[in-house]
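*Asks:* One structure, pasted below without further comment.
The values are calculated or read from the model by the stated rules, or taken from the named source; none is laboratory data. Keep in mind that what you see is a predicted model, and the values were worked out from it rather than measured. All Cβ positions, even for glycine, are placed from backbone atoms using ideal geometry, and neighbour counts span all protein chains on display. Just the protein is used for accessible areas: all its heavy atoms, side chains included, with ligands, DNA and RNA removed. Shrake-Rupley method; radii C 1.70, N 1.55, O 1.52, S 1.80 Å.
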Amino acid sequence: MSSPLVIFDLDGTLVDTAPDLIESLNHAIAPQGLPPFDISQLHQLVGKGVKVMIERAFALRGTTLDEETFEACFDRFTTHYRDGMPGKSRPYPGTRAALDRLKDGGFTLAVCTNKRMPLTMPLLSSLDLADYFDVITGGDSFEYRKPDPRHVLGTIARAGMDPQNAVMIGDSSNDIDAARGADVASVAVTFGYADRPVESLGANRLISHFDELTAALLEEVLGR
């Protein structure tokens, strides 16, 4: 059997985007009079794209959000975030070494993120990460997104590979639930933006550093 397809989530898995996400969110909501959020609150906000992030911000502040206000906040967020790339966002320690190691070992690499493609591609390109991946899908690549398993399955299909020969790497329930629904093996990282304890997500394995992401671990997760 060929080497596995390794599918990575983006925010909180490959790249620590927290400072720029919070800064852009606060920029977006400030004109509406909402108090700013800090990084410690990020796990309550992220995971399902900018739209849900804004909706959660208003809900957490106990403020109603109409369509006109949402559109204004969405536009401010997107413009601020895109124009500032890569900002303070950086790959997690060991990310590049792990990607190099897997590519050199013949693995196929992909990204499956809920971030929309107009924000995903500039971020990956600005950090010189885009060329590692054969397939990149975002929250607007299909009619569905994680935790819907079809987002993972669609990414695998674009890579021309088999779900039984794929591993999803992620930091949150969105990633692990989507993998489980797709009957795909998973590895959860402990350093991301999990919305609940990582140990409770149900991943096949946990890693605390990308130094642990080796061919041997992937083969073990796949039961080989």
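*Asks:* Taking a probe of 1.4 Å, how large is the accessible area per residue of the chain, in Å²? Intermediate results must be reported in sequence, preceding the final value.
*Replies:* Details: 9450 Å² over 224 residues.
Ligands and nucleic acids excluded, the result is 42 Å² per residue.
*Asks:* I would also like to ask the following. Enter the accessible area of residue 136 (Å², nearest 10), with the probe set to 1.4 Å and all protein chains included.
*Replies:* Surface open to solvent at residue 136 totals about 30 Å².
*Asks:* Could you sort 67, 212 by their accessible area in this structure, using a 1.4 Å probe and putting the largest first?
*Replies:* Numbers: 67 120, 212 70 Å².
So, going from the largest accessible area down, we get 67, 212.
*Asks:* At 1.4 Å probe size, with no ligands or nucleic acids counted, give the accessible surface of residue 177 in Å², nearest ten.
*Replies:* Surface open to solvent at residue 177 totals about 50 Å².
*Asks:* Roughly how many Å² of residue 148 are accessible to a 1.4 Å probe, to the nearest 10?
*Replies:* Roughly 40 Å² of residue 148 is accessible to a 1.4 Å probe.
*Asks:* Residues with amide H under 5 Å of residue 136's amide H, sequence separation 5 or more or different chain, H placed in the peptide plane at 1.01 Å from N; which?
*Replies:* So residue 136 has HN proximity to 111.
*Asks:* Also, quick follow-up: Leaving ligands, DNA and RNA out of it, report the carbon-plus-sulfur percent of the accessible area of the chain at a 1.4 Å probe. Can you show the working numbers first?
*Replies:* Details: 4660 of 9450 Å².
Answer for the chain: carbon and sulfur cover 49 percent of the accessible area.
*Asks:* If you take every residue apart from residue 169 with its C-beta less than 12 Å away from the C-beta of residue 169, what net charge results, scoring Lys and Arg +1 and Asp and Glu -1?
*Replies:* Summing Lys and Arg as +1 and Asp and Glu as -1 gives -3.
*Asks:* Answer with a single label: of (i) -0.54, -0.81, -1.05, -1.21; (ii) -0.42, -0.71, -1.06, -1.31; (iii) -0.41, -0.71, -1.13, -1.49, which was calculated as log10 I(q)/I(0) by the Debye sum over Cα atoms at q = 0.10, 0.13, 0.16, 0.18 Å⁻¹ from the structure in view?
*Replies:* Structure-derived value, by its label: (ii).
*Asks:* Can you compute the helix-only [θ] at 222 nm over the chain? Use -39500 (n - 2.57) per DSSP H run of at least 4 residues, normalise by all residues, nearest 500 deg cm²/dmol. Could the numbers behind the result be given before it?
*Replies:* Numbers: 8 runs with 88 residues, N = 224.
Mean residue ellipticity, 222 nm, calculated: -12000 deg cm²/dmol.
*Asks:* Okay, moving on. For the ranges 116-123, 193-200, what's the packing order if you count other beta-carbon atoms within 10 Å of each residue, average per peptide, and put the highest first?
*Replies:* By packing density, highest mean first, the sequence is 116-123, 193-200.
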